[in-house]
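Presented below is the structure to which this report refers.
The values are calculated or read from the model by the stated rules, or taken from the named source; none is laboratory data. Everything quoted here is computed from the prediction, not taken from an experiment. Every residue, glycine as well, gets a Cβ built from its backbone with ideal geometry; the counts of neighbours run over all protein chains shown. Note: areas computed on protein heavy atoms with side chains; ligands, DNA, RNA excluded. Shrake-Rupley method; radii C 1.70, N 1.55, O 1.52, S 1.80 Å.
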Amino acid sequence: MRTSELVFRSRREVPQDAEAASHKALIRGNYIRRLTSGVYSFLPLGYQVLRNIEHIVEEELDRAGASQLLLPALQPVDIWRATGRIDKMADVLFRVDGKSGSFVLGPTHEEAVIEAMSPDIESYRDLPKLVYQVQTKFRDEPRARFGLMRTREFIMADGYSFDIDRETMRQSYQRFYEAYLAIFARLGLQAEPVEADAGSIGGDVNHEFMVASSIGEDHFARCGDCGYQANIEAARAGAHPPVAVALDVEAVTYSTPNAPGIEIAVKALRDLGAEVEVGTMLKSMLLVDETGARVIALIPGDRTLKVPHGMRLATDAEMAGFAKGYIGPQGHSSEVRVIADPLVLTRPSWASGANKEGHHSVGLRVGVDFEVDSFVDLVVVEDGDPCPRCEGVLSLVRSVEVGHTFQLGLTYSGVLPQARYRSFEGEELPYWMGCYGIGVTRVPAVIAEQYCSSDGDAVVWPVAVAPYVVSIVGVGATKTNEVTAVAAQLHESIGQSGVSVLLEDRNISTGVAMRDLELIGSPLFCIVGARSLAKGVVELRDRIHDQTIEVPVEEIVATIHTFSRDLASERR
Ligand code: ATP
Ligand code: MG
């Protein structure tokens, strides 16, 4: 390819809506263009990167034994009704009402893949099956952000596995999991598999593949000692040592009018002479469980509540009979279950609401002034919490999710009558599923974020995804015929050797040319100048290590091959 043929315009200005360095670099490099918020076109350079990524994904999934198919993005609404996800995912669904009926633009494809695969899964002999597609997804994300990071239309490589039982489902899961590790390594991304929460997809075991990044919207907890890693929703802290209940403390109730909520209560209590702090207050919150029963959840005032599965915060209407803003742990009727995080055992006594409008109590002791029915994990982990697996300490890592693997089990097949196979014994049983997704269009943003300068100037792409591995430029105030001829000849021979190469052939100054080529981001520059040609050499610049060497013209093809192979393996 020649620069004169590229869809490319020098863009020095930084786009106004771009906060992330990767977003700036992708816009300035002519990779993507915004159509509307969260919707982007891939210009030829960006599309080339995307195809390189897809190619790696396809190679590894094929190797794992998955067959590629293509499911429709336009899906009839009834299949979404059948699984109940028409309601569960209502927030993000794009719905289309046409003359021919009501449709959903697929945000994910579990329903569609079951429809497509079930007729071919009759008996245990037809299993296992692993399939995947590379397909556009639509999600009405409330906050589209950072260019390609979070968009409303994006491409996902989504895989699905079908098995006869839990054990074989786990084996299929393992195949995808290992393929994912191989894919991210080839893409030059350090993606860490972390234990995760199932969310609206459902199921049991699952892992998110996270890349540490300062612009990440997620956090995962990591133990430096034993390697425990879990995302913030799934992470558990280890036990903090409990302390003895205070014996010389007496519970005292204070009148604290107009002081609902921890911070205001602390101020009001201190004004009254009570020695309390946010961390010595007990947050007492009203939850509702699956049966509609009310549950009081207790956590320290300086921690964030993690609502347990199957429960939710009570609505205002459900708070009737409770002193909103002044709820405490003590004196509830036996129908109200009290659950507490084990951290509640780490202080001899607590201050909390007094279950009476405008009142707080101080000196409340667990087991004396209030009872706890069960201790459960109720807080979001924080930096410095003990590791649940060893003696180590957890730290939080800000990160971006690039992939997700789920053991779905019977979540979908259990409710869809067609999702069955006939067992060896002749029984009709639901098959065991897994689902797997890589954010194909998010990946260029994550790579760019890792491999661009902090001012969003330009990306140096890893060899595996670079639109052009080598950029050739002839230099010198007046390019001699020889410079032009050698540059053109190298373009030809490097291209023929199978390495993607770009030739700067525009009639522009060397400075402008170099600046543009930097925006395009090849990891290798081949610089042809009259002075070096006189010595029979050209310059080869390895932009990843910022090193330049001189290479005899006749050795350049072989040298580039060695370089690009070394650079590719180094970034794995
Ligand atoms: P996130 O937590 O980032 O919203 P998710 O957990 O909702 O993602 P999954 O349903 O697990 O996403 O989808 C699989 C993969 O698709 C994600 O790991 C991510 O890489 C990608 N992805 C999801 N939503 C988007 C989006 N709005 N824009 C770009 N990529 C996305
Ligand atoms: Mg996810």
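Okay, here's what the table says:
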item	result
The lone exception for SER395 - which of (1) farther than 30 Å from THR108 by Cα; (2) out of contact with any Lys or Arg (no Cβ under 7 Å at 6 or more places or on another chain) it fails	(2)
Any hit, region 360-373, residues being open to solvent by 30 Å² or more (accessible area, probe 1.4 Å) and without any contact (Cβ under 8 Å) to a residue 40 or more places away in the chain	yes
Any chance ASP140 is of a type in the set (Asp, Glu), more than 16 Å from ligand 2 (Cβ to nearest atom) and over 29 Å from THR36 (Cα atoms)	no
Residue list for region 34-62, filter: surrounded by fewer than 19 Cβ atoms within 10 Å (Cβ to Cβ) and assigned to a strand (DSSP E or B)	ARG34, LEU35, THR36, VAL39, SER41
Count of residues meeting criterion [out of contact with any Lys or Arg (no Cβ under 7 Å at 6 or more places or on another chain) and open to solvent by less than 40 Å² (accessible area, probe 1.4 Å)] in region 527-551	10
Lone qualifier among ALA90, ALA144, ALA82 - being surrounded by 18 or more Cβ atoms within 10 Å (Cβ to Cβ) and of a type outside the set (Phe, Trp, Tyr)	ALA144
Inter-residue pairs, beta-carbon under 9 Å, first within 20 Å of ASN52 (Cα to Cα) and without any contact (Cβ under 8 Å) to a residue 24 or more places away in the chain and in region 485-505, second of a type in the set (A, V, I, L, M) and assigned to a helix (DSSP H, G or I), 6+ apart	GLN496/VAL557
Some residue of region 458-475 being within 16 Å of ligand 1 (Cβ to nearest atom), part of a helix (DSSP H, G or I), buried (at least 17 other Cβ atoms within 10 Å of the Cβ) and β-branched (Val, Ile, Thr)	no
Matching residues, region 273-301, being loosely packed, with under 14 Cβ neighbours inside 10 Å and more than 35 Å from the chain's Cα centre (by Cα)	GLY273, GLU275, GLU277
Output for region 384-406, where each listed residue is open to solvent by 10 Å² or more (accessible area, probe 1.4 Å) and closer than 30 Å to THR168 by Cβ	PRO388, ARG389, GLU401, HIS404, PHE406
Residue in region 203-219 that is within 16 Å of ligand 1 (Cβ to nearest atom), within 19 Å of the chain's Cα centre (by Cα), under 30 Å from ARG347 (Cα atoms) and surrounded by 18 or more Cβ atoms within 10 Å (Cβ to Cβ) present	yes
Tally, over region 237-270, of residues that are β-branched (Val, Ile, Thr) and either modelled with pLDDT under 90 or assigned to a loop (DSSP other than H, G, I, E, B) (or both)	4
Some residue of region 155-171 being outside any strand (DSSP E or B) and open to solvent by less than 30 Å² (accessible area, probe 1.4 Å)	yes
Residue that is more than 16 Å from ligand 2 (Cβ to nearest atom) and crowded, with 20+ Cβ neighbours inside 10 Å, where the choices are ARG175, ARG270	ARG175
When residues of region 130-176 are limited to those that are under 21 Å from LEU70 (Cα atoms) and among the aromatic types (Phe, Trp, Tyr), the one farthest from ligand 1 (Cβ to nearest atom)	PHE162
Contacts under 8 angstrom Cβ, first residue in region 49-76 being farther than 16 Å from GLY159 by Cβ, partner open to solvent by 20 Å² or more (accessible area, probe 1.4 Å) and not in a strand (DSSP E or B), 6 or more apart	ASN52/ALA464
Considering residues of region 179-192 that are under 17 Å from ASN231 (Cα atoms) and in contact (Cβ under 8 Å) with a residue 40 or more places away in the chain only, the residue least open to solvent (accessible area, probe 1.4 Å)	ALA191
Filtered residues of region 110-133 (kept if open to solvent by 30 Å² or more (accessible area, probe 1.4 Å), farther than 22 Å from ARG85 by Cβ and either touching a helix residue (DSSP H, G or I) at 6+ places or on another chain (Cβ under 7 Å) or free of Cβ contacts under 8 Å to residues at least 40 places away in the same chain (or both))	ASP120, ARG125, ASP126, PRO128, LYS129
Residue in region 343-353 that is over 21 Å from LYS267 (Cα atoms) and open to solvent by less than 30 Å² (accessible area, probe 1.4 Å) present	yes
Residue check, ALA293 out of contact with any Ser or Thr (no Cβ under 7 Å at 6 or more places or on another chain), at pLDDT below 95 and farther than 20 Å from GLU371 by Cα	no
Restricting region 387-437 to residues that are away from ligand 1 (no atom under 16 Å from the Cβ), among the basic types (Lys, Arg) and assigned to a strand (DSSP E or B), the residue that is farthest from ALA212 (Cα to Cα)	ARG422
Looking only at region 414-438, and only at residues there that are under 26 Å from the mean Cα position of the chain (by Cα) and away from ligand 2 (no atom under 15 Å from the Cβ), the one that is most open to solvent (accessible area, probe 1.4 Å)	TRP432
Scan of region 69-121 for residues that are within 16 Å of ligand 1 (Cβ to nearest atom) and in a loop (DSSP other than H, G, I, E, B), ordered by number	LEU71, ALA73, THR83, MET89, ALA90, ASP91, VAL92, LEU93, GLY106, PRO107, THR108, HIS109
